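The values are calculated or read from the model by the stated rules, or taken from the named source; none is laboratory data. Quick caveat, the model's predicted, so the values are computed rather than measured. No Cβ is skipped: glycine too gets one built from the backbone with ideal geometry, and neighbour counts run over all protein chains shown.
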Amino acid sequence: MKYYIPGCDVRRRHPDEVHKMEMWMNTHGIETAACCRKDLSFLKDGDMIIENCTLCELMLKERVPHIPFMSLYEFLDGIDFEWPDYHGMAVTLQDCRRVQENKALHEAVRNIMRKMNIQIIEMEENREKSQYCGVWYNNPPATDCVQLAPVTFAKLEEQRELLSPEAQKEKMEARVKLYTTEKVAVYCNGCEKGLLIGGIRPVHLIELIAKEL
């Protein structure tokens, strides 16, 4: 059985698009699972997870290492999907620091953006070089995440640099000045939150994909 985990923050920020994607998944025999932090004991050998969140990726690697998973973008890139056409719209793509090592994700994101006829503008720090995840590393981790994936979060603590809300806002305002296009695309809720703090409204890939579902 395949299960789709949309991501809690993705659902909260983009409920309509997540609902449409859930309905598409369900009609294609893929069930929705609530959350990477909920009970996952129903998963069994032979199952697979399709996730849409960089935090989910971190959590799943430790919580259910025996269950294969892939991003929504990898999954859609590998099937016959009806893509919307954005007619060559120029969009800066913001990669996420949390998934620096996920080359399959990097490739899939770019492949589907090209399939949607989007002109991708690359950042100098992209793919495995990305150092950006909004202010995620500048705040304490969620207690339940630490409890459920202690090894993962112990490693991440080495990279954490706590900052005041004022310092976070200043940092994000400086960040948004780096972009040269009106549209900036993200596939991570942490990246999205940071740009909102910085004063711009990025577009999440789920918004682009679900436009015509």
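Among the residues that make up the range 148-164, is at least one of them surrounded by 13 or more Cβ atoms within 10 Å (Cβ to Cβ), touching a strand residue (DSSP E or B) at 6+ places or on another chain (Cβ under 9 Å) and part of a loop (DSSP other than H, G, I, E, B)? The answer is yes; a qualifying residue exists. For the range 122-147, the tally of residues that are among the aliphatic types (A, V, I, L, M) and crowded, with 17+ Cβ neighbours inside 10 Å stands at 2. Scanning the range 180-213 for residues that are assigned to a loop (DSSP other than H, G, I, E, B) and over 21 Å from VAL99 (Cα atoms) yields THR180, THR181, GLU182, GLY199, ILE200, ARG201, LEU213. Do the conditions hold for ARG175, that is, is it surrounded by fewer than 14 Cβ atoms within 10 Å (Cβ to Cβ), more than 17 Å from the chain's Cα centre (by Cα) and within 21 Å of ALA90 (Cβ to Cβ)? Answer is no for this residue. For first residues located in the range 24-49 and of a type in the set (Lys, Arg) and exposed (fewer than 15 other Cβ atoms within 10 Å of the Cβ), partners that are assigned to a loop (DSSP other than H, G, I, E, B) and at pLDDT 95 or above and lie 6+ apart or on another chain with Cβ distances below 9 Å form the pairs LYS44/MET1; LYS44/ILE67.
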